[in-house]
Amino acid sequence: MINSSLKQLGNMLHAKKISSVELTQTFLDRIQQYNPNINAYISLDESKALAQAKAADARIAAGNVVPLTGIPIAQKDIFCAKGWQTTCGSKMLTNFIAPYDAHIITQFDTVGAVNLGKTNMDEFAMGSSNETSYFGGVKNPWSLDRVPGGSSGGSAAAVAARLCAAATGTDTGGSIRQPASLCGFTGLKPTYGTVSRYGMIAFASSLDQAGPMAKSAEDCALMMNVMAGFDERDSTSLNREKEDYTRDLYSSNSAKPLQGLKVGLPKEYFSEGLDASVGKVIEAAIAEYKKLGAEIVDISLPNTGLSIPVYYVLAPAEASSNLSRYDGVRYGHRAAEYTDLMDMYNKSRAEGFGAEVKRRILIGTYVLSAGYYDAYYLKAQQIRRLIAQDFVEAFKKCDVIMGPAAPSTAFKAGEKVDDPVAMYLQDIYTISTNLAGLPGMSIPAGFALSDDGVSLPVGLQIIGNYFDEARMLNVAHQYQQVTDWHTRMPAGLE
Amino acid sequence: MALSIEDIKKVAHLARIEVSESDAAATLTKLTGILSLIEQMQAVDTTGIEPMSHSQDLSQRLRDDIVTKTNLREEFQKNAPALGNGSVEPAVVDGLYLVPKVIE
C-alpha cells in the first residue's frame, strides 16, 4: 500500500477497500517508527491529520469524491497552514503559528486531502543539503550518512522513505529537482507563476515556485491539478485557463510512443564537473528514450556556467529585502536582552538567523548598496536575459531538453557544509531554468555506485518550454512505463 | 573588489545583524569566496542588453476599491514575541505592539 500510486490509493478509497483514517494511520505509524532517525518532519499533529481523514471518509461515503480526496500529503514547512507551527526551518519562526492558509493548503483542503505534517527544510530554503535547518539535518533514506539534498530535503526523504503518499516542495534554484535526484523520486518545478505563492514564505520572489514531489509523473500530474491555478492574491500568479495535467498521459500500444519527439542534449550539461558515474546513468536513460522513438539533437546553452554567479547576486538581493520583515517586533524571535530599538533589531536578527541565511542577507545587502548596484545587480539582470535567450534558441531545435539534475549522487553529511561555493555548484544544472522561469523536472533514471560502494539514485532532468508541463509529464510517464526505477524503495524501510 | 573587515561591519549594520569581531573575520573569508564566484560576471560584455527583472512580462493587476480583508488583529497578535529584558509577557498592549522608546 505504501508503494501504491495516488491513482491506486484513490481507487482503493473510492471502492471503500480502505478508509482515509486507516491510510493516514498507516503513514503516521511509519512516521513514528522511522522519523526519529530520518528527521523528515518538523511538526506533526496526529489529531488534526486524523480529523481531516475522518472528514474525508464522510465525504467519500457521501459520494463527493475527487482525485486526492482522503490522500495523506506532507507539506513543506514553508507553507503557512492555519493553526500549524510554520517555521521555514528557522529559529526565527520556531514559535510562529500560522494565522492563515497558503493558497495551496486551501487547494488541498478543498479536495479533501489530509495534511500529515510539516517537513524539514534548509533554513528559509537556502541550502542544497538540508544541513542549514535549525531543526537538524535530514538523512537520505538510501544511505543514512548522506544528505537528501535541499532545500526541500524533508519532503524528499518523506517521499523516498514512503512516510507520505506525496509531498509539496518549492524550487528557487533547484530545491525540488536536486533532492528528487538525490533521493530517487519524481519532482516538478512548474513554469514561474503557475502555482500561487500566497502564504508561501518568500525567499527570492522572482524565482520561487512551488511544485509536487511524488513517486511518479502520473502522481505529479494529479498533484499539479490541485496546486496550479490562478490566484489573485499573488501578483505574479498567471491568469490562465485551468489545465488538466494528466491530459497527455497515455498508454500506447506502439513500441515507439515518443516517435517524433526531439530531445535536446546541452553539451554544457555533460562536460567538466559531472561525475562520470552519473553521466553513465544519464546516457543509458537517453538510450532508452531513443528506443521510445525520441530523436536526439545536440544543443548548446552557452551561458550555463554564469547561472551560478548571476543567481548568487539576484537571489540574495531579493532575500535581503524579503527577510527584512523579521525584526522581532510583531512575530518571530526577539532577543531576550536589548538596550534600544536598534539593538533589538540587531540582536534579534543575529540570534534568529543561522549562518547561511546571514551570509546571503549580507551578500544581498552588499550588492544592492550604494555604488555597487550597476556592477552587480544590473549586470546580473542583463546576464539573466542572456541565459533565458539561450533557452529560446534551444527550443527552436528541440521539444524538451534532457540532462542530469545534479552533478553528483548524494554526498555525505558535513562534506560541503563549510564550503558555501562547493555547495552552490550542486545547482549548476537547475538554476538556469529558475532564472528563465521555465519548468523542469527530475525523474529516477537508475543508480550509480559511490566511491565507498553504495548504490545511490540518479535523476534525469527534463526541461520544457513555458507551460509545457503536460507534455513533460507524459515524456516522463512513457519512460516510467518501460522502467521501474521510480518504484524502487530504500532497503530496510519496508 | 577586495572586501575588508570594515565593509563587513558596514553591511552588517545596513542589514541590522549584529556581527561580533570574531564573526566578522570568519564572515569576511566566506563572503570573499562568494564574491570571487560572482566576479565571473565581469568578463561578460553586456552592452545594450536590457536587464531582465522577471521571467514573465507582468503588469500590476488592478482591483475594485472595496474592502476585501477582514480584521485579524487579535489572531495576528497571538504571534507577538516575548517582550524581553526580563519579561516573558507578549509584547502587546491594547492591540498595539511594544518596542523600546524611540521618541523622547
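The values are calculated or read from the model by the stated rules, or taken from the named source; none is laboratory data. These figures come from a predicted structure and were not determined experimentally. Because the Cβ atoms are built from the backbone with ideal geometry, glycine has one as well, and the counts that use them run over all protein chains shown.
Residues in region A:354-377 that are more than 7 Å from chain B (Cβ to nearest Cβ) and under 16 Å from A:Glu123 (Cβ atoms) were compared, and the one that is surrounded by the fewest Cβ atoms within 10 Å (Cβ to Cβ) is A:Ala355. Scanning region A:238-248 for residues that are more than 9 Å from chain B (Cβ to nearest Cβ) and either of a type outside the set (Ser, Thr, Tyr) or under 22 Å from B:Ser59 (Cβ atoms) (or both) yields A:Arg240, A:Glu241, A:Lys242, A:Glu243, A:Asp244, A:Arg247, A:Asp248.
So, B:Leu58, is that one within 8 Å of chain A (Cβ to nearest Cβ) and either farther than 30 Å from A:Arg233 by Cα or not in a loop (DSSP other than H, G, I, E, B) (or both) or not? Outline the logic, then answer.
Details: within 8 Å of chain A (Cβ to nearest Cβ): yes; either farther than 30 Å from A:Arg233 by Cα or not in a loop (DSSP other than H, G, I, E, B) (or both): no.
For B:Leu58, the condition - within 8 Å of chain A (Cβ to nearest Cβ) and either farther than 30 Å from A:Arg233 by Cα or not in a loop (DSSP other than H, G, I, E, B) (or both) - is not met.
Of all the listed residues (A:Lys280, A:Lys290, A:Lys256, A:Lys242), the sole one being farther than 24 Å from A:Phe467 by Cα and in a loop (DSSP other than H, G, I, E, B) is A:Lys256. For A:Ile383, the conditions (1) touching a Lys or Arg at 6+ places or on another chain (Cβ under 8 Å); (2) of a type outside the set (Ser, Thr, Tyr); (3) assigned to a helix (DSSP H, G or I); (4) buried (at least 22 other Cβ atoms within 10 Å of the Cβ) all hold with the exception of (1).
Hey, any hits in region B:12-26 for a residue that's facing chain A (nearest Cβ under 9 Å), surrounded by fewer than 16 Cβ atoms within 10 Å (Cβ to Cβ) and not in a helix (DSSP H, G or I)? Taking every residue of region B:12-26 in turn, at least one turns out to be facing chain A (nearest Cβ under 9 Å), surrounded by fewer than 16 Cβ atoms within 10 Å (Cβ to Cβ) and not in a helix (DSSP H, G or I). Of the residues in region A:310-345, how many are touching a residue at least 24 places away in the same chain (Cβ under 8 Å), part of a loop (DSSP other than H, G, I, E, B) and more than 7 Å from chain B (Cβ to nearest Cβ)? Qualifying residue count, region A:310-345: 1.
Against the criterion of being surrounded by 20 or more Cβ atoms within 10 Å (Cβ to Cβ), more than 9 Å from chain B (Cβ to nearest Cβ) and acidic (Asp, Glu), A:Asp390 qualifies.
Return a yes/no flag: does region A:146-168 have any residue that is in contact with a Phe, Trp or Tyr (Cβ under 8 Å, 6 or more places away or on another chain), within 14 Å of chain B (Cβ to nearest Cβ) and under 26 Å from A:Glu232 (Cα atoms). The answer is no; no qualifying residue exists.
Could you run through region B:34-50 and say how many residues are surrounded by 15 or more Cβ atoms within 10 Å (Cβ to Cβ) and at the interface with chain A (Cβ under 7 Å from one of its Cβ atoms)?
Within region B:34-50, the first condition is being surrounded by 15 or more Cβ atoms within 10 Å (Cβ to Cβ), and the residues that meet it are B:34-35, B:37-38, B:41, B:44, B:46, B:49.
After this cut, where a residue has to be at the interface with chain A (Cβ under 7 Å from one of its Cβ atoms) as well, the list is B:34, B:37-38, B:41, B:44, B:46, B:49.
Qualifying residue count for the region: 7.
Would you confirm whether or not region A:59-66 contains a residue that is without any contact (Cβ under 8 Å) to a residue 60 or more places away in the chain and in contact with a Leu (Cβ under 7 Å, 6 or more places away or on another chain)? Looking through region A:59-66, at least one residue is without any contact (Cβ under 8 Å) to a residue 60 or more places away in the chain and in contact with a Leu (Cβ under 7 Å, 6 or more places away or on another chain). Taken over region A:226-235, the criterion of being surrounded by fewer than 17 Cβ atoms within 10 Å (Cβ to Cβ) and either at pLDDT 95 or above or in a strand (DSSP E or B) (or both) is satisfied by A:Phe230 alone. The set of residues in region A:285-331 that are out of contact with any strand residue (DSSP E or B) (no Cβ under 7 Å at 6 or more places or on another chain), of a type in the set (Gly, Ala, Ser), more than 19 Å from B:Ala12 (Cβ to Cβ) and crowded, with 20+ Cβ neighbours inside 10 Å comprises A:Ser307, A:Ala315. Listed by first and then second residue, the pairs with beta-carbon distance under 6 Å, at least 6 apart or on different chains, first residue in region A:9-38 and in contact (Cβ under 8 Å) with a residue 40 or more places away in the chain, second of a type in the set (Lys, Arg), are A:Ile38/A:Lys139.
Yes or no: B:Leu31 outside any loop (DSSP other than H, G, I, E, B), within 7 Å of chain A (Cβ to nearest Cβ), within 22 Å of the chain's Cα centre (by Cα) and not basic (Lys, Arg)? Answer is yes for this residue. The residues in region A:293-309 that are in a helix (DSSP H, G or I) and out of contact with any Pro (no Cβ under 8 Å at 6 or more places or on another chain) can be counted, and the count is 5.
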